[in-house]
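Step one of this worksheet: look at the structure below.
Read-outs: derived from the displayed coordinates by stated rules, not from any lab. From a predicted model like this one, the values you see are computed outputs, not experimental measurements. Ideal geometry is used to build each Cβ from the backbone, glycine not excepted, and the neighbour counts take in all protein chains shown.
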Amino acid sequence: MAIHKLIILRHGESEWNHENKFCGWIDIPLSEKGRDEARFAGHLIQKYNLKPTITYTSKLTRSIQTGDIILEELGRLWCDVVKTWRLNERHYGAFQGRDKNEVYCELGAEKYQYIRRDYNGTPPPVETQSKDDCIDERYEVDNVDISDLPRGESLKLVMERVIPYLQKEIVQGSLIGDNKTVLVVTHGSIVRSVIKYFKGVSDADISKINVPTGVPMVFELDDDCNMVGDYYYLDPELAKKGIEKVSNEGTK
Ligand code: DG2
């Protein structure tokens, strides 16, 4: 039976990750450190001799830039790239653009942690879909009705839009159907969704899982989409440091 490799990572540090602001669907580019992280991610993928033949990104610049840098590092800029809003970060509603520590002080530790990490925690929604929130022509594709796009999502809502796409297009379509090595460059909440889905993490336990910027992880799946062994980070030490940083964000 064949083993199919799905490489997935959160983009490198964005300018707003660096400034400690909630980003969500706001289209913020990578910071200089984020570009370095993306280059190092490419180096790790090469070191493990992984050769993606198709790449998926979100519609957000930080994910697209990370994918481009990785493919350049790998000498595989020819690789097909599919960009989809279904891999966009969780919509952070009215928190988008706000300083994390300011929100933390306003809500208190418990509510802050609930909205940030609980499976059902939902930020207050934005009222309108506007260009100020980066809802623009990039979403005028695939019969998407812009007014149906999210205005504030929990992880549960994120999973409802991403997992069917993961199953059908990425796993059944490319990874197993076409026997491709797949690279997915996406966002923290999407990686958490994928971990929850493949590992069957409970609604309660998913709140403890954080994802570092720019460290690739690999899921190995058999022909029936079952995981073979556990997922692994290509640099576990680096991942550990990144996870610690992310879990404390906004609290100090
Ligand atoms: C971060 C996640 O998403 O923030 O939207 O600010 O992966 O696009 O940097 P990403 C954001 P936290 O949920 O970790 O606070």
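Summary of values
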read-out	value
Least to most buried among ILE8, ILE26 (fewest other Cβ within 10 Å first)	ILE26, ILE8
The stretch 108-179: C-alpha gyration tensor shape, a/c 1.5 cut-off, then a/b vs b/c	oblate
Selection from GLN172, VAL185, VAL246, by position along the positive dipole direction of the chain (Cβ)	VAL246
Cβ charges +1 (Lys, Arg) and -1 (Asp, Glu), total dipole of the stretch 1-65, debye	340 debye
Euclidean distance of C-alpha centroids, the stretch 117-167 and the stretch 38-66, integer Å	24 Å
Debye, to nearest 20: dipole size of the stretch 178-252, +1 on Lys, Arg Cβ, -1 on Asp, Glu Cβ	500 debye
Amide N of the stretch 80-108 lying under 16 Å from the label point, which is placed 7 angstrom from the Cα of ASN20 along Cα→Cβ	97-108
Efficiency of FRET between ASP99 and LYS245 - r from beta-carbon atoms, R0 22 angstrom, step 0.05	0.85
Relative contact order (%) - criterion: Cα under 8 Å, at least six apart; region: the stretch 4-248	30 percent
Cross-link pairs LYS83/LYS208; LYS5/LYS199; LYS21/LYS51; LYS21/LYS168 - those with Cα-Cα distance over 24 Å	LYS83/LYS208; LYS21/LYS51; LYS21/LYS168
Rounded to 10°, Cα long-axis angle of helix 61-74 versus longest principal axis of the chain	20 degrees
Residues HIS43, HIS187 arranged by fewest to most Cβ contacts within 10 Å	HIS43, HIS187
Residue-averaged 222 nm ellipticity for the chain, from DSSP H runs of 4+ at -39500 (n - 2.57), nearest 500	-10500 deg cm²/dmol
Cα long-axis angle, helix 32-47 against the chain (0 to 90 degrees, to the nearest 10)	20 degrees
Whole-number D in µm² s⁻¹ for the chain, Kirkwood Cα-pair radius fed into Stokes-Einstein, 37 °C, 0.692 mPa s	180 µm²/s
Global form of the stretch 55-121, assessed from the alpha-carbon gyration tensor, a/c cut-off 1.5	prolate
Rounded to 5, percent antiparallel among DSSP beta bridges of the stretch 4-248	40 percent
Cα centre as origin, Lys/Arg/Asp/Glu Cβ charges: the chain dipole, Debye	500 debye
